[in-house]
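The structure appears right after this line, and notes come after that.
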């Protein structure tokens, strides 16, 4: 009995990066796509597991992540094919799914997940600060001005985050400093109970 050939064959030797790039403009792309459309889920998993250099690049070039999700691929499988966190976020995966699939917190941040998404997963204020979230993002999570200053946010960042004049006064900023930060005379007077005008 003749042995059935797989729907898609690829070189057993290294497929160099430049060869993959050349394929992008190749007239053979439609034929490759036709063959790839016949691949079963098991076929593609086999190609991934064999780890032949260039195989993943070729697959990810010819079958996009939306098609793969429609065919039943989960976040971990898509990550194995080389898709980034942003691609999976666009498919509707939440931060928890991506973290479970092996993406790190930095990848989630770069993909556009907000501070609340990571906070729910257990990342504290210090971790969120290291990931580059601004003071406003942490204020929206309920952190007070003192907590954020201890993490290294400066007075200007706290002001821009929306903390009021009283919050900064409690951190030691005087009336003149508050005026210089952009608080109005009325806001400062409400804190200090003074009526004299402070010149900027």
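Observations, loosely collected:
- On a per residue basis, the convex hull of the C-alpha atoms belonging to segment 64-200 measures out at 110 Å³.
- Residues residue 146 and residue 94, FRET efficiency given R0 of 30 Å [Cβ-Cβ distance, rounded to 0.05]: 0.40
- Arranged from fewest to most other beta-carbon atoms within 10 Å of their beta carbon, 116, 129 become 116, 129.
- Fully extended contour minus Cα-Cα distance, from residue 66 to residue 164, at 0.36 nm per residue: 30.7 nm
- Calculated FRET value between residue 76 and residue 124, using beta carbons and R₀ = 25 Å, to 0.05: 0.45
- Relative exposure of 117, 147, judged by other C-beta atoms within 10 Å (fewest first): 147, 117
The numbers here are math on the coordinates, done by the rules we state, and not lab data. Note that this is a predicted model, so its numbers are computed, not measured. Positions of Cβ are generated from backbone atoms using ideal geometry, with glycine treated the same way; all protein chains shown enter the neighbour counts.
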